[in-house]
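Asker: I have a structure I would like to understand better, so I am pasting it below and will then ask my questions one at a time.
The values are calculated or read from the model by the stated rules, or taken from the named source; none is laboratory data. Just so it is clear, the model here is predicted, and its values are computed rather than measured. No Cβ is skipped: glycine too gets one built from the backbone with ideal geometry, and neighbour counts run over all protein chains shown. In case anyone asks, the SASA skips ligands and DNA or RNA and just uses the protein heavy atoms, side chains included. Shrake-Rupley method; radii C 1.70, N 1.55, O 1.52, S 1.80 Å.
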Amino acid sequence: MEDTINKSLRSRQVITECMRLEITAADLSTLCGLTWLNDQVINFYMNLIMDRAEKSKSLPKVYCFHSFFYTRLCSAGYSGVRRWTKKVDLFSHEMVILPVHLSVHWCLAVIDLKEKKIDYYDSMGGTNEGCLRQLRDYIVGEYKDKKGGAFDLTGWQYGAVRGIPHQMNGSDCGVFACQYAQIVSKRRKIDFDQSHMPYFRQKMQFEIVSCKLIT
């Protein structure tokens with residue numbers, strides 16, 4: 001694993017590509033030490049989560065937005081992201097996962113269409129009710145636009161998920177968000193902590209270079 005990663009970090013070319021996203025050594029290096037992850041790494045990892053779900057017969061069907069989606073939704077409303085799903089039927093998926101970038105902090109939001117809930121995962125314990133409202137309104141607008149009817153919100157729940165592991169520094173939020181995503185996408189229990197971060201950073205580098213999630 002280490003030899004593969006070190007060789008990739010020395011490369012001056014594009015290291016790997018998945019779903020039209022490319023990763024360079026500079027991108028991969030954001031997973032070294034205590035560096036903040038950049039959008040390219042976050043988005044590439046979301047692609048790997050989708051790719052795993054698409055190739056599995058047992059995992060939930062998942063769609064992942066890129067990090068720019070939520071920023072655009074906040075600045076321009078539904079009309080600003082309406083065309084992002086021109087070729088995608090969100091309602092044919094069990095869950096929709098999106099990274100939430102809050103200037104200098106990464107969080108995660110999950111629209112669980114099967115369980116009728118919108119969950120917010122913040123490794124620093126934030127709640128962000130505004131995000132939950134934005135996503136509730138988005139799913140209503142998306143259904144009206146793509147299905148031509150009113151989305152039934154009866155029984156839906158919204159909130160920040162409690163009892164999840166929190167970061168103990170100011171650098172690992174992106175890694176936490178990615179690990180929340182890949183575990184939640186399998187409907188598994190989140191059971192890691194801060195001590196796992198060095199391992200997860202190396203594991204993510206290998207997964208990105210290999211263009212495949214290990215588990």
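Asker: With the chain treated as a Gaussian network of Cα nodes joined by springs under 10 Å, which of L153, L73, L90 yields the largest mean-square fluctuation?
Answerer: L153
Asker: Please compute the net charge surrounding H101, taking Lys and Arg as +1 and Asp and Glu as -1 over other residues with Cβ under 14 Å from its Cβ.
Answerer: On the way: positive: R72; negative: D39, D122.
Result for the local shell: -1.
Asker: Can you classify region 11-104 as rounded, prolate or oblate using the Cα gyration tensor, where a ≥ b ≥ c are the square roots of its eigenvalues, rounded means a/c under 1.5, and otherwise it's prolate if a/b beats b/c and oblate if not?
Answerer: Details: a/c = 2.00, a/b = 1.28, b/c = 1.57.
It comes out oblate by the Cα gyration axes.
Asker: Round to a whole number: what % of the accessible area of region 113-161 belongs to carbon and sulfur, probe 1.4 Å?
Answerer: Values: 1170 of 2650 Å².
The C+S portion of the solvent-accessible surface of region 113-161 is 44 percent.
Asker: In addition: Could you state the accessible area per residue of the chain in Å², with a 1.4 Å probe and every protein chain left in place? It would help to have the intermediate numbers written out before the result.
Answerer: Values: 10760 Å² over 215 residues.
Ligands and nucleic acids excluded, the figure is 50 Å² per residue.
Asker: Let me ask you something else. Calculate how steeply helix 197-210 sits against the longest principal axis of the alpha-carbon atoms of the chain, using the helix alpha-carbon long axis, and give the answer as 0 to 90 degrees to the nearest 10.
Answerer: Around 90 degrees separate the two axes.
Asker: Hey, another quick one. Using mean Cβ contacts within 10 Å as the protection proxy, how do 172-185, 98-111, 130-143 order, highest first?
Answerer: On the way: 172-185: 24.4, 98-111: 20.4, 130-143: 17.5.
Going from most to least packed, we get 172-185, 98-111, 130-143.
Asker: Which angle between 0 and 90 degrees, to the nearest 10, do you get for helix 67-76 versus the longest principal axis of the chain when only C-alpha atoms count?
Answerer: The angle comes out near 40 degrees.
Asker: Counting each DSSP H run of 4 or more residues in the chain as -39500 (n - 2.57), what helix-only mean residue ellipticity at 222 nm follows after dividing by all residues, to the nearest 500 deg cm²/dmol? The partial results should precede the final answer.
Answerer: Details: 8 runs with 88 residues, N = 215.
Using -39500 (n - 2.57) per qualifying helix, the result is -12500 deg cm²/dmol.
Asker: What is the packing order of peptides 200-207, 41-48, taking the mean over residues of other C-beta atoms within 10 Å and listing the highest first?
Answerer: In descending order of packing, they fall as 41-48, 200-207.
Asker: Under 18 Å between alpha carbons: how many lysine pairs meet that in region 88-195, if sequence neighbours fewer than 8 apart on the same chain are excluded? Mind dumping the intermediate values first?
Answerer: Numbers: K114/K147; K114/K186; K114/K189; K116/K144; K116/K147; K116/K186; K117/K186; K117/K189.
So the count works out to 8.
Asker: May I ask for the angle, rounded to the nearest 10°, between helix 39-55 and the longest principal axis of the chain, with both axes built from Cα atoms and the value confined to 0 to 90°?
Answerer: Tilt relative to the chain: about 70 degrees.
Asker: Nearest 20 debye, what's the magnitude of the dipole of the chain about its Cα centre given +1 on Lys and Arg Cβ and -1 on Asp and Glu Cβ? Present the calculation step by step, with values, prior to reporting the outcome.
Answerer: Details: 29 positive and 23 negative charges, 126 e Å.
I would put it at about 600 debye.
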